[in-house]
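Data block below; observations after.
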Amino acid sequence: MLYALMGLGLSLITGVLNIPNFAHGALFAVGAYFLFSAIHAVGNFWLALVLAPVGVALLGLAIEYAGIRPLYAAGHDYQLLFTFGLSLILGEGIIVVWGPIGFSQLPPSILRGGLDLGFIFYPKYRLFVMVMAGLLVLSTWLFLEKTRYGAIMRAGIENKEMVSLLGIDIHRLFTAAFALGAYLAGIAGALTAPIRGLSPSMGVDMLGIAFVVVALGGLGNLLGAIAAGLIIGVAQAVVALYWTEASVAVIFAVMAAILLVRPQGLFGIR
Amino acid sequence: MSDLNRRDVLKLGAVGAAGAVAGLGFPAVVRAQAKEVVMLGIWPFTGAFSDVGPILDRGMKMALEERGMKILGKPIKYVTRDSATQAGASTRRVEEAVDGEGAKFVIGPWSSGVALAVSEVAKRKKVLHYFSGGTEDISGARCHRYSFQWAASPYTAAKTVVDTFMKANPKAKRWHLLVADYAFGWSVEKYIKEVGKTHGLEFVGADRHPLGEREFSNYVTKAAGNKPDVVAMINFGLDAVTAAREIFNFGLTPKLPLIMTWSSGVEELVQLTPEIRENIWVGSNFYYTADTPVAKEFVKSYQAKFGGPPGYAPSAAYGMTRMMLHGFDKAKSTEVPDVIKALEGIEVNDLVGRMRVDAKTHQTLRPFFFMRCKSKSAMKNPMDFADIIATGDTPLPAEYAACKDIGSF
């Protein structure tokens with residue numbers, strides 16, 4: 001579900017703005033670190049879980065407004081370079097603010113320990129993340145499918161020029177899409193922190209998987225991103241049972257296999 | 001020319017000319033007397049392990065600064081290059097430092113895989129190379145006259161860990177291994193299984209994970225399914241930290257003991273909370289409570305300068321530099337072959353205790369530390385992670401030695 005969440009945010013940004021957001025992994029990491037700091041500031045995990053991704057969304061707003069928007073006229077190459085440079089800046093910024101050594105962040109006490117399911121002892125927090133990520137994906141899907149603004153965003157993915165011609169402020173659309181994508185990356189990072197801990201390089205690890213999900217689902221296809229995230233996660237879990245050494249390689253193997261048959265991705269049209 | 005006659009002038013002129021010819025005709029001799037000794041630290045300042053690069057640099061600098069940046073009357077020029085944890089970049093940069101800056105003494109890098117590539121450069125360029133890491137090939141199958149290994153042999157590590165743990169937990173016979181899938185992991189796994197035979201251990205599972213793995217849930221559920229008495233990890237850095245976290249999240253620890261067989265000690269343990277560290281047993285090449293005069297002085301200086309105790313990384317850099325300096329002292333020379341010959345068979349009481357360099361393999365024979373992590377209530381301060389419960393220095397038995405001929409210059 002976390003892969004689906006990351007892929008959904010990246011697919012939204014890629015679809016609406018038509019640029020691959022190389023800073024998406026860094027935003028994931030920033031979400032985790034914001035959670036850590038927020039917990040220390042407010043002393044409450046749940047409040048921190050609300051605040052941290054909002055902080056990342058605000059950061060996304062600022063990035064789009066001050067960084068990407070001025071480059072729309074300059075062309076895609078510049079936007080691409082900008083997001084790549086931004087990923088480095090955010091990564092080094094994490095080191096400057098929080099240091100190069102990682103931390104652990106325990107789940108809230110109510111979610112510590114596990115449930116004995118008979119055949120397995122499963123951490124309560126992981127079950128919570130599964131449900132939470134699922135709800136977030138569903139909420140985002142409903143927003144995009146059932147609300148007017150969601151429809152505008154989907155229309156922006158389909159045909160930006162037509163949306164603009166219909167009198168909709170396309171810049172505001174881009175800003176909102178980037179902020180929403182950043183929010184999804186941030187909350188994915190915040191949810192992941194108690195599972196994987198925090199380290200400056202945690203975003204790099206996730207970025208590769210996010211791009212695989214987007215490519216596999218079809219560039220800009222939101223349903224495809226969700227499906228691809230689930231397929232990748234399941235494939236990894238199944239392969240790890242029988243051939244642990246291949247648990248990372250399987251992600252790319254699945255992508256390659258599907259793209260050979262459907263180069264446009266599972267649901268892609270371009 | 002009142003007091004000087006023609007003969008005196010001619011004599012003076014001859015002496016002056018001879019001196020000038022000597023200076024011009026033997027430039028190497030004249031330059032060598034004032035020549036600095038260039039030492040290279042090839043450390044990961046970017047890429048994987050980039051968090052460790054600056055602290056490795058610290059350790060090496062501290063050892064050199066203790067000598068006032070001088071050896072045998074000559075100034076030491078300390079240069080660094082970024083290994084980037086990539087063999088291509090590292091080898092290129094080492095060659096550039098050797099050719100361009102005259103570096104003759106190389107310490108590093110941090111990654112075992114990259115170290116093997118740098119070792120080949122050392123052999124080709126005939127420079128002295130010191131490395132500390134888990135690959136046994138440096139003093140094993142790929143040994144040669146120019147490279148030395150500072151870390152304990154993986155056999156020494158495995159023997160110390162298994163023997164000490166079994167002494168404390170004689171009934172823990174069912175072991176599940178979680179192994180990093182590269183040369184270092186395979187070596188230590190092999191020796192743990194060999195030593196385990198002598199204790200009647202049953203290895204109920206052994207999973208290999210790719211380097212850089214971050215999703216350990218599947219490995220942990222497999223481990224739990226095998227119902228082991230203990231889980232032993234043979235991995236390092238973020239892999240080990242992430243896995244330890246997941247093993248705790250899934251409820252295996254603290255009920256089951258978890259062994260971190262080859263750990264960097266402080267650098268890994270600081271990333272875990274006291275709850276996660278409970279019932280973790282740690283093997284390491286250095287721990288900051290080591291009871292030697294050199295370690296105590298080093299830890300005191302390091303803490304005064306940097307605020308916290310040193311882990312394995314800066315200690316290894318410090319230790320390797322000190323060994324090299326011992327080599328200069330014994331050789332009374334800064335020529336590479338002389339220092340190498342001096343290091344072969346050298347015996348010193350240094351950072352980790354009694355240390356001896358095996359002349360046949362260039363492996364340092366020295367203690368390996370085994371610690372048990374403390375519970376939160378037993379910690380005297382936030383950095384009081386563990387107690388050293390044993391050290392071991394059993395060398396690799398001859399039948400396993402892969403270095404058959406250290407070679408010539």
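Structure values in brief
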{"item": "Bins of 10 Å, starting at 0 and running to the largest distance - Cα pair percent for chain B", "result": "5, 22, 30, 22, 10, 4, 3, 2, 1, 1, 0"}
{"item": "Estimated translational D of the range B:281-409 in µm²/s (Stokes, Kirkwood radius over Cα pairs; 37 °C; 0.692 mPa s)", "result": "200"}
{"item": "Zone of residue A:61's modelled label, taken as backbone nitrogen in the range A:133-152 under 17 Å from a point 7 Å along Cα→Cβ", "result": "none"}
{"item": "Modelled FRET efficiency - R0 41 Å, residue B:72 with residue B:398, Cβ distances, 0.05 increments", "result": "0.70"}
{"item": "Stretch gain in nm, segment residue A:42-residue A:74, where the contour uses 0.36 nm per residue and the Cα spacing is subtracted", "result": "7.3 nm"}
{"item": "Total charge dipole magnitude, the protein assembly as shown, about the Cα centre, Cβ charges on Lys, Arg, Asp, Glu only, Debye to nearest 20", "result": "720"}
{"item": "Sites residue A:168 and residue A:259 - FRET efficiency at Förster radius 45 Å, r taken between beta-carbons, to 0.05", "result": "0.85"}
{"item": "Partner lysines for residue A:124 [C-alpha distance under 27 Å; skip if fewer than 8 residues away on the same chain]", "result": "B:222, B:227, B:255, B:374, B:376"}
{"item": "Kirkwood-based Rg to Rh ratio, the range B:112-227, C-alpha trace", "result": "1.06"}
{"item": "Gyration tensor (alpha-carbon) shape descriptor, the protein assembly as shown, a/c threshold 1.5", "result": "oblate"}
{"item": "Selection from B:84, A:144, A:133, by position along the positive dipole direction of the protein assembly as shown (Cβ)", "result": "B:84"}
{"item": "For chain B, size of Cβ-based charge dipole, Lys and Arg +1, Asp and Glu -1, in debye", "result": "680"}
{"item": "Residue exposure sequence - B:105, A:252, B:131, A:28 - by fewest surrounding Cβ within 10 Å", "result": "A:252, B:105, B:131, A:28"}
{"item": "Sites residue B:226 and residue A:112 - FRET efficiency at Förster radius 30 Å, r taken between beta-carbons, to 0.05", "result": "0.80"}
{"item": "For the range B:154-301, size of Cβ-based charge dipole, Lys and Arg +1, Asp and Glu -1, in debye", "result": "460"}
{"item": "Rg/Rh (Cα only; Kirkwood hydrodynamic radius) as it applies to the range A:1-143", "result": "1.02"}
{"item": "Projected label distance in nm at residue A:246 and residue B:304, using a 7 Å step from Cα toward the beta-carbon", "result": "5.8"}
{"item": "Percentage of interatomic Cα-Cα distances in the range B:331-378 larger than 16 Å", "result": "55"}
{"item": "Of A:38, A:95, A:55, farthest towards positive along the dipole that unit charges on Lys, Arg, Asp, Glu beta carbons give the range A:1-143", "result": "A:38"}
{"item": "Cα gyration tensor shape of the range B:239-308, rounded if a/c is under 1.5, else prolate or oblate by comparing a/b with b/c", "result": "prolate"}
{"item": "Viscosity 0.890 mPa s, temperature 25 °C, Stokes-Einstein D of chain A from Kirkwood C-alpha radius, µm²/s", "result": "130"}
{"item": "Under 30 Å from the Cα of residue B:126 - lysines, other chains or at least 8 residues apart", "result": "B:35, B:61, B:70, B:74, B:77, B:104, B:330, B:332, B:341, B:360, B:404"}
{"item": "Shape category assigned to the range A:1-78 from the gyration tensor of Cα positions, a/c cut at 1.5", "result": "prolate"}
{"item": "For B:50-59, mean number of other protein chain Cβ atoms within 10 Å", "result": "2"}
{"item": "Shape box of the range B:283-324 [Cα atoms, principal axes, largest first, Å]", "result": "25, 24, 19"}
{"item": "Label point distance in nm, residue B:384-residue B:65, each placed 7 Å from Cα along Cα→Cβ", "result": "2.9"}
{"item": "Charge dipole (the range B:256-360, unit charges on Cβ, about Cα centre) - positive-most of B:307, B:331, B:343", "result": "B:331"}
{"item": "Relative contact order for chain B, counting Cα pairs under 8 Å that sit 6 or more residues apart, in percent", "result": "17"}
{"item": "Qualifying lysines (Cα of each under 22 Å from Cα of residue A:160; at least 8 residues distant if same chain)", "result": "A:146"}
{"item": "Ordering of A:201-211, B:62-72, A:59-69, B:155-165 by burial proxy (mean other Cβ atoms within 10 Å per residue, highest first)", "result": "B:155-165, A:201-211, A:59-69, B:62-72"}
{"item": "Per-residue [θ]222 nm for chain A (sum of -39500 (n - 2.57) over DSSP H runs n ≥ 4, rounded to 500)", "result": "-24000 deg cm²/dmol"}
{"item": "Cα→Cβ-extended label distance, 7 Å offset, between residue B:92 and residue A:88, nm", "result": "1.5"}
{"item": "Value of relative contact order over the range A:1-155, rounded to a whole percent, pairs C-alpha under 8 Å and six or more apart", "result": "25"}
{"item": "Helix-derived mean residue ellipticity, 222 nm - over chain B, DSSP H n ≥ 4, -39500 (n - 2.57), to 500", "result": "-13500 deg cm²/dmol"}
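Only the coordinates and a few stated rules stand behind these numbers; no lab work does. Keep in mind that what you see is a predicted model, and the values were worked out from it rather than measured. Using ideal geometry, Cβ is built from the backbone for each residue, glycine included, and neighbour counts are taken over all protein chains shown.
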